[in-house]
Each structure stands twice: as C-alpha cells, then as structure tokens.
Amino acid sequence: MKKVLILNGTISEIPIIKAAQSMGHYVVTSGNMPDLPGHKVADEYIPEDYSDKEAVLELVRKNNIEGIVSCANDFGVITSAYVAQQMGWKGHDTYQNAKLMHHKNEFRHYFKRMGFPAPFFEDFDDVQKAKDYCSGCEYPVIVKASDMTGGKGIKKAFTRQEALEAVDYAFGASRSKHIVVEQYLEGVQQSIVVFLVNKRIAVTSSSNIYCMKNPYLVQAETYPAENFSLVRQQLHDIMHTMADDLGLCDGIFSFQYIVKDGVPYVIDMMRRCFGNETLLLADVMTGFPWEEAYVRASLGEDVSGISCAEPTYSFCGHYGVMADSNGVLDSWSVPDDIMARTFKTTVNIQSGERINNCMTEKIAHIYFHYDNMEQMNSEISDYNDRIKVSVK
C-alpha cells in the first residue's frame, strides 16, 4: 500500500482514483477546486494548484507521498513528470520530454526535425511578430495557444483581420505567452490511443472525433475510427520511433490527427488519461484494463503481465450534451432509441444549476453502443438536434 497523489478531482479522474484504491493504495487528490466530485471519492484532499510544479513538489514532501499520477490535463502531466524526476520515482517521462510532448510549439519542432507528417507552422513569443507573419501567410490558418487544452486559445482564420484577432486571443489564453500559427488542414479528424510497454505498443484503440457545437472542442467520438487500417501502421511507426528516440516510459500515448490524401497529419499528442471518461470506451472496445495499467505504470510497477479480456462492444462512443445558450438549466431529454443504446450516463450539471459557458460546458455524457459502424456514424450527427436541452 502506497500513499498516492492523483492530481485534480473531476469526473474524469474518478475511474483512476477508484482503480488506485482497488489496488489497496491510499489516494490523496489535489487541486484548487475543493467541490469537485473526485475529491469526495479520494481518501484525502489537500488543496493546491496542480499546475504549480514547485507547490506540488512541496506537498509531496510534506505529506509523505510515495507516488504521483497525472490528471486528464496537460499541466498535470508536466507537473507529475517534474515531481517524479525530483523525487527519483519511475513511471514518468523526463520533465523535458513531458514539456516537448505537451507544448504545441515544442512537439511541432520535434516532428519537423524527425520528418513526421504534421501541418506547416510558425511559432511566436512576440505578438507583433506573429501579426506581421499573418500579413503575408497563406489562408486559412489556425492559431493556437501553445500550452492550452480543451479548445482554449484556438481560433481559425480565413482573413488577415481574423488572424490578428486570433493572435490576440491565443496570446491572452496562453500562460507561457507562446502561440503557434499553422496550416489549416481539411480532412477527417481521428484519434489513436495506445499503451506502451517496454517502448512497444501492447494495445491500440482508435476513434472518429466530432466537434459539433464548438469547432475546437471534442463533443463526441465513435470507436473505432473509420478506415483506421489504412493509417494504423504509419501511426505505429511514428510512435515506436518516438518511444525509442525519447526513451518513453510505459503508459498511455495518444495522437489526434487529420487524414488528408491517405496521410495522418498529427495535430496533438498526449501521455495521460482523458477527459470525458473516454478510457471507458477503450476498456470496452479492447478488453484491456486501461485505468489499472495507467496507475501501475505511473507508480513504476511492471505492466508487462497485464492482458486483455474479451471486448464488450465492437462499436461504441460518447456524446456530450451541450446547451445552445447560457443560463439556468431547466431540463434535458434523450430519445428512447438513443437511451436503449446507452450503457452509462454521467451528469455534470444538474437542473437548477447555471451554465456559464455553453461553448465548453457539458451538461452530461452518454456512452452508447451500436451493432454496426455505418449506423453509428450516421446517427451521431443528428444527436445535437434530437437531444433536447431547455435553459431559462
């Protein structure tokens, strides 16, 4: 039994917290939002900003913490890597590699050096230089804060004026005051999630990504990705090359990518658990215990003996229920035929509670399964119209 720190306590961290507890560990959570539901599930909550690596390191030392597990946020990965490196713990990439893979400017430079497919880009830490570049670049472009996730600090621009506004927006969102201006690719957006064991892929999951209400925020995913067999080997080759080159530790490794002319152009990467409880879908699709493996790997334990059970579903996905406007949530409803396919529902906002940002806040998540991919991918596009939300 170890005293383990799991960063943050949203709904997305609850499966990780429970997995650690099921292994017999005493789980401490931290973060600066004490009312999050995960803190109530944990054995102990100690308030601290998990993005402040020095403060978390001090927390670890003062409270005799014996291991650390990242939350579903890039800042958590970087903090965990830093703390583990300072404490001499196994189970995490180096602090430098964690920054490389979770800061958009750094991983794009790495991809360029390695010759991996990715959109053309320029990065800036000076507002005026970024705006000067936007006066002569080819449109459309997408402007991103280098260090933010969840659709924050991202805007697409079709004109110079839109780009100038996007630059101000991205710089305003970025904590490091660093942004990327990159080529906007039209294509199919998908995701691959693998689990590395001894720098080799032990299990793979894939999905189609849908950004419906907010073009920069994942609202729904369907598993597996369409035509994944056409890009699987290309993506595996990149991941294996990176694992060898960077000396990556065991654990989750994920790319978001856009398929254009048969080539998967990587637009984002992560080495952590995910928001929206999407590891649940990887669980039922593969039969692999992703949460257990994630915790064991983060604590430096051997995961080579973990095996896959029989998958539960062949085709499944998740959908985030979102409102069209801000206000007090009155009610929401799901048609009977969708409910008949739903095997789990997680509610984030209760009736009577306020929606402050309808473009990012998800009222609930539903997790569904289908008998075939074609019907699933055809019907998901209608969920926004068919699932009703009433706001006062």
Practice prompt. Identify all aspartates and glutamates with a Cα-Cα distance to residue 40 below 17 Å; exclude those on the same chain that are fewer than 8 residues away in sequence.
Written response: 13, 48
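Please report the net charge: other residues with Cβ closer than 13 Å to the Cβ of residue 209, K and R +1, D and E -1.
Details: positive: none; negative: 221, 226, 268.
Neighbourhood net charge equals -3.
Where a ≥ b ≥ c are the square roots of the eigenvalues of the C-alpha gyration tensor, would you call region 187-301 rounded, which needs a/c under 1.5, or, failing that, prolate if a/b is larger than b/c, or oblate? Numbers along the way, then the final one.
Numbers: a/c = 1.82, a/b = 1.28, b/c = 1.42.
Since a/c reaches 1.5 but b/c is at least a/b, the shape of region 187-301 is classed as oblate.
As a quick test, which of the pairs 104/213; 104/392; 177/344 have an alpha carbon distance above 29 angstrom in this structure? Can you show the working numbers first?
On the way: 104/213 24 Å; 104/392 39 Å; 177/344 39 Å.
Cα-Cα > 29 Å for 104/392; 177/344; rest within.
Would you please give the FRET efficiency between residue 304 and residue 114, computed as 1/(1 + (r/R0)^6) with r the Cβ-Cβ distance and R0 = 30 Å, to the nearest 0.05?
Computed FRET efficiency for residue 304 and residue 114: 0.65.
Can you give the local net charge around residue 243? Use residues other than it whose beta-carbon is closer than 13 angstrom to its beta-carbon, Lys and Arg +1, Asp and Glu -1.
Around residue 243, the charge tally is -2.
Tell me which chymotrypsin sites (Phe, Trp or Tyr not before Pro) from region 94-153 have a DSSP coil assignment and no more than 12 other beta carbons within 10 Å of their own.
Values: sites: 95, 107, 110, 111, 120, 121, 124, 133; in loops: 120.
Taking region 94-153 and a limit of 12 other Cβ atoms within 10 Å, no loop chymotrypsin sites (Phe, Trp or Tyr not before Pro) are found.
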Worksheet item: Which residues does a label at residue 263 reach in region 93-120, if reach means a backbone N under 17 Å from a point 7 Å past the Cα toward the Cβ?
Response: 108-120
Practice prompt. Kindly identify the chain as rounded, prolate or oblate by the Cα gyration tensor criterion: order the square roots of the eigenvalues as a ≥ b ≥ c, call it rounded if a/c is under 1.5, otherwise compare a/b with b/c, prolate if a/b is larger, else oblate.
Written response: rounded
Worksheet, complete the sentence: Among 390, 187, 139, the residue whose Cα sits farthest towards the positive end of the charge dipole of the chain (+1 at Cβ of Lys and Arg, -1 at Cβ of Asp and Glu, taken about the Cα centre) is 139
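Highest mean first, how do 63-75, 24-36, 216-228 rank when packing is the count of other Cβ atoms within 10 Å averaged over residues? List each step's numbers first, then the result.
Details: 63-75: 22.7, 24-36: 18.2, 216-228: 21.2.
Output ranking for 63-75, 24-36, 216-228: 63-75, 216-228, 24-36.
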Practice prompt. Return the subset of 18/152; 131/156; 53/155 for which the Cα-Cα distance in this structure is over 19 Å, preserving the input order.
Written response: 18/152; 53/155
Practice prompt. Evaluate E = 1/(1 + (r/R0)^6) for residue 64 and residue 347, where r is the Cβ-Cβ distance and R0 equals 51 Å; express this FRET efficiency to the nearest 0.05.
Written response: 0.90
Discussion item. Less than 13 Å Cβ to Cβ from residue 32, Lys/Arg counted +1 and Asp/Glu -1: what total charge do the surrounding residues give?
Written reply: -4
Worksheet, complete the sentence: The simple spin-label model distance between residue 337 and residue 127, using points 7 Å out along Cα→Cβ, in nm, is 5.2
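Laboratory data are not the source of any read-out in this text; all were calculated from the coordinates shown. What you see is a predicted model; the values in this text were computed from it and never measured. Cβ atoms come from the backbone with ideal geometry, glycine included; neighbour counts cover every protein chain shown.
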